[in-house]
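The values are calculated or read from the model by the stated rules, or taken from the named source; none is laboratory data. Keep in mind that what you see is a predicted model, and the values were worked out from it rather than measured. Backbone-built Cβ (ideal geometry, glycine too); neighbour counts: all protein chains shown.
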Amino acid sequence: MRLDPRLSQIMAKTVLWTFTGFTLFILIFIIVNISVKGLPQITPTFLFDLPHDMGRAGGIFSTIAATAYITLLAILLASPLGVGTAIYLTEYTREGWGTRLIRFGSECLAGVPSIILGLFGFVLFVMKLGFGWSVLSGGLTLAIMILPIIIRTSEEAIKAVPREYRQVCYSLGLSQWQAITRVVLPSALPGITTGIMLSVGRSLGETAVLLFTAGASLRTPVSVFDSGRTMAVHFYILAREGLSMPNAYGTAAILMVSILAINLVAYTLMQRLIKRYS
Amino acid sequence: MSREKFVERVLFLLALSSLSSLLLITVFIFLEGMPLIIETGLGNFLASSHWAPTKGHFGILAMIISSVLVTLGAMVLGVPLGLACALVLAEFSPPRLKMVLKPTLELLAGIPSVVYGFLGVLWLVPLIRDYLGGPGLSLLAAALILGIMILPTVISISIDALDAVPGPYRDGSIALGATQWQTVRRVVLPAASSGIITAVILAMGRAIGETMAVIMVAGNALKIPTSILDPVRTLTSNIALELGYASGRHREALFATGIVLFVIIMLLNLAATLLTRRK
C-alpha cells in the first residue's frame, strides 16, 4: 500500500525534528551538567593557587600557566606558516596540481588523529632532538596540529577580499607584495583572527598530543624546556585516577566555558566578514 | 633577486610546511614501527590476537576488531542523528532558526574529548551497567560516546553538501506536485549523496582515531569482544595506555600499531578527497 504523500511528509518531519531535538538535548545536557557542578568550584583561590597533593587539593594555577605557555608557542609557530601558505595558495599560484597537492597535504594533516601526532612528537622532539617532555616539544607538536585550521580559515578570508581591491592597488602602482600587506591582509584580518582563535580553542582541549610531548609535571613551567601539565591533561588525570571530583569538575568547567566562548566569538567574526564582502 | 621574487620564494617554502609535516610524521612513525612489523611478519602482527609485549608476543587482531566494531557502532548512532540535523537545518527549518541552530550544534565540536569521556563514565556507564548488565565500561559505551562525538563532522559536511544542491532542482520538483519530503528524498538527497558519503567517511576517520574518550569508557580489556557489553581495547587506547612506560621492542610495537592506524586513516582521507574531486 502506498502511503499518502502528505502523511509520509508529516511522519518524516516528526522523525527528523525528534532527532534534532535529541541532539540539542545532548549538547545542552553536557553544557548544563559541567556548568552546574563545575562553575561553583571556580574561586580566586582555585584559579591562583598551586595544586597540592597531586591535585586533590589547592588550585590549578600551574596548569593554566602551562596551557597558556604551550598554546602561545604553538600559535606563534603555526601562524606565520599557515598565513604564508594561504597567501601563496590564493595570490601567487594558479589552481593546478601544485596547489592541489598542498591542499591535499593540509587536509590529510587535519585528519591525522592526535594520538599519531603524539607518537610523532614523542619520537622526534622528546627523544631524537632531546627536548624531553617540555613546553617546547608540546608547542611544536601542537603547531603541526593547528596548522591546517589556520591555513583553511586564512585561505577563506583572503579569498573573500574582492578582486577589485587588488586591481585598484595595481592601478595606483603598488607591487603585488605591497598590495597584499597594505590592503589584502588588513581586509582579511578578521578571518585570519578567526582561524587563530579556533586554533586556540582546539589547543585548549587537546590531551593525547600533550600527554606524550609536554608531560604531566605539576610545577609551573618557566623555561621552554620545562615539562608542563595543561588543564586538559590535568582534568584527564584527576578524572581517570578519581583524585578529586570537585577539582575535576572545576577544571572541566573552565576549559569548556573558555573554549565555547572563543569559538562563539570566532564564529561571529567570520560571519561578519562574510557579510561585509558578499 | 628582486624583492617580489624573494617574497614569492619564501611564501613557497612556507606553503610546503603542511606537506613536509605530513611527510615527517609518516617517515618517523614508519621508521620506528616498521622494523618490528618486518621481524614479526605482517601476517602475525595483524592476524594474531596474542598481545604480551613484554614476552615478545605482538598480535593486534583483538584491537583491530574492537576499533572496527566501536567505529561501526558510532556510525549507527551518529549518521542518522547527524543527517537528520543536517536535513532539518538545510531543508526544513526557517532561515532565522537555522541562524541560531547551526552555530549551536557546531559548539559540540568544541567540547574536548576528555569531557565526553568524563560524562560517559559518570552517566552512560552506570546506565549500561544497571539496565543492560556487564561491567558498563564497554564496546557499547564507547560506540555511543563516539557516535555523539562525530555528530559535528557529519552535520557540517552534510549541510554543505545539501546547500550546494541548486535551488531550481527543488522548485522543479515542487512544481510537479511533489511534497517537500518527496523532493528531499527523491531529488535533493541523491544530488547531495557524494557529499554526504564524504561526511560519513571523514566521520569514520574521526571515530577510529579518537583516543581519550575511548580510553575512559571502553574498559580496555585485551580480548576479542563477544558481546556489545564486553570491555574492549582499541588501537588508539592501546597506544595511549602503554606508551608511558613502554621501551625497546614494546615501544616499537606501539609505533607499529600506529602505522596500522595511520594507514587506515590515510586511506579514508584519500577516499574522501577522491569523492569530492569527482564532483
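Below, the figures for the structure above:
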quantity	calculated
Meets criteria (at pLDDT 95 or above and in the same structural domain as A:Ser79 (by TED's automatic domain parsing)) for A:Leu109	no
Conditions (1) more than 7 Å from chain A (Cβ to nearest Cβ); (2) within 18 Å of B:Ala256 (Cβ to Cβ); (3) modelled with pLDDT of 90 or more; number of the one not met by B:Leu23	(2)
Members of region B:107-136 that are more than 8 Å from chain A (Cβ to nearest Cβ) and not in a helix (DSSP H, G or I)	B:Leu132, B:Gly133, B:Gly134, B:Pro135, B:Gly136
Residue check for A:Ser258: surrounded by fewer than 22 Cβ atoms within 10 Å (Cβ to Cβ), more than 21 Å from the chain's Cα centre (by Cα), over 28 Å from B:Gly258 (Cβ atoms) and small (Gly, Ala, Ser)	no
The listed residue being among the basic types (Lys, Arg), within 14 Å of chain B (Cβ to nearest Cβ) and over 30 Å from A:Phe104 (Cβ atoms), out of A:Arg56, A:Arg2	A:Arg2
Filter result for the condition that a residue is among the hydrophobic types (A, V, I, L, M, F, W, C), in a loop (DSSP other than H, G, I, E, B) and modelled with pLDDT of 90 or more, over A:Phe212, A:Phe225	A:Phe225
Qualifying positions in region A:121-150 - in a helix (DSSP H, G or I), of a type outside the set (A, V, I, L, M) and touching a residue at least 24 places away in the same chain (Cβ under 8 Å)	A:Gly121, A:Phe122, A:Phe125, A:Ser137, A:Gly138, A:Gly139, A:Thr141, A:Pro148
Any hit, region A:29-46, residues being outside any helix (DSSP H, G or I), under 28 Å from A:Arg202 (Cα atoms) and in contact (Cβ under 8 Å) with a residue 24 or more places away in the chain	yes
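Okay, residues lined up against (1) buried (at least 22 other Cβ atoms within 10 Å of the Cβ); (2) farther than 17 Å from A:Val209 by Cβ; (3) not aromatic (Phe, Trp, Tyr):
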position	(1), (2), (3)
A:Ala57	no, yes, yes
A:Thr63	yes, no, yes
A:Ile75	no, no, yes
A:Glu91	no, yes, yes
A:Leu101	no, yes, yes
A:Ala110	no, no, yes
A:Ser114	yes, no, yes
A:Leu117	yes, no, yes
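Table: residues versus (1) more than 13 Å from the chain's Cα centre (by Cα); (2) at pLDDT 95 or above; (3) aliphatic (A, V, I, L, M).
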site	(1), (2), (3)
B:Thr153	no, no, no
B:Ala164	yes, no, yes
B:Val187	yes, no, yes
B:Ala191	yes, no, yes
B:Thr198	no, no, no
B:Asn220	yes, no, no
B:Leu241	yes, no, yes
